[in-house]
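Working notes, beginning with the structure itself.
The values are calculated or read from the model by the stated rules, or taken from the named source; none is laboratory data. Only a predicted model underlies this, so the values are computations on that prediction, with no experimental measurement involved. With ideal geometry, Cβ positions are generated from the backbone for all residues, glycine too; neighbour counts draw on all protein chains shown. Surface areas here come from the heavy atoms of the whole protein model, side chains and all, with no ligands, DNA or RNA. Shrake-Rupley method; radii C 1.70, N 1.55, O 1.52, S 1.80 Å.
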Amino acid sequence: MSVQKLLTFVQDITRLLETRPSEEKILVEGRKLVATLVSSDEWLPDAFARPHPEHYQQYLLYADPLDRLSIVSFVWGPGQKTPVHDHLTWGIVGGLRGKEQEITFQQQPDGSYRETGRGILEAGQVTAVSPVIGDVHEVSNALSDRPSISIHVYGKNIGQVRRHVIDPKTGAEKSFISGYANEVVPNLWSQVAA
Ligand code: FE
């Protein structure tokens, strides 16, 4: 099992962000990089693919020292889902294993949120969120008999961002900081000198 593919992705996305691109360009070029990353799944170490029996997991895979990006493995057990939430930064999501359902929401003039779409993210597919293109959604495992995993790349250290869980009926927001489930991150350099 080689994490070389993840290291290559970190290098490529860092090079992209070094050029200080517009969000539009990040979402176009970054999507291509994420598509390459999730075109195969053997690179993700098992420790970052483990579901929790009660709730979905967010494992930090890499964080930029200047908080320009973070890469997170999301693992949903059967039947697990997120609350409706926002991100407050751009995010690119690639399906790695299984299948996820995304329901998107948009705020209405009265403050409530209306469902604007439903989509399925299959392994190998890529989608995106941001305050510009639509930032509020709910994600769930579309499979009832096994875990689903997706790889998320954000424009900040997402585990430390104070953001919101939203009640779509009233628009009421509750602030939260997601943190990360893991205390150690993958050793991206372990195989380089082999
Ligand atoms: Fe999300």
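Name the single residue that is least open to solvent (accessible area, probe 1.4 Å) among those in segment 35-62 being under 27 Å from I166 (Cβ atoms) and touching a helix residue (DSSP H, G or I) at 6+ places or on another chain (Cβ under 8 Å). Among those that are under 27 Å from I166 (Cβ atoms) and touching a helix residue (DSSP H, G or I) at 6+ places or on another chain (Cβ under 8 Å), it is L61.
Elements of the type strands (runs of 3 or more DSSP E) sitting completely within segment 39-106 and holding at least 1 residues that are of a type in the set (S, T, N, Q): these cover 57-63, 70-76.
Which residues, counting only those in segment 135-194, are β-branched (V, I, T), outside any strand (DSSP E or B) and buried (at least 18 other Cβ atoms within 10 Å of the Cβ)?
Within segment 135-194, I158, V161 meet the criteria.
Which of the residues spanning segment 112-134 are out of contact with any Pro (no Cβ under 9 Å at 6 or more places or on another chain), in a strand (DSSP E or B) and open to solvent by less than 80 Å² (accessible area, probe 1.4 Å)? Listed by number, the residues that qualify are T116, G117, G119, L121, E122, V126, T127, A128, V129, S130, G134. Considered as a group, the residues in segment 90-116 that are over 14 Å from P168 (Cα atoms) and out of contact with any Gly (no Cβ under 8 Å at 6 or more places or on another chain) include one that is nearest to the ligand (Cβ to nearest atom), and that residue is V93. With respect to the conditions (1) open to solvent by 30 Å² or more (accessible area, probe 1.4 Å); (2) more than 12 Å from I149 (Cα to Cα); (3) more than 16 Å from the ligand (Cβ to nearest atom); (4) not in a strand (DSSP E or B), L17 falls short on a single one, namely (1).
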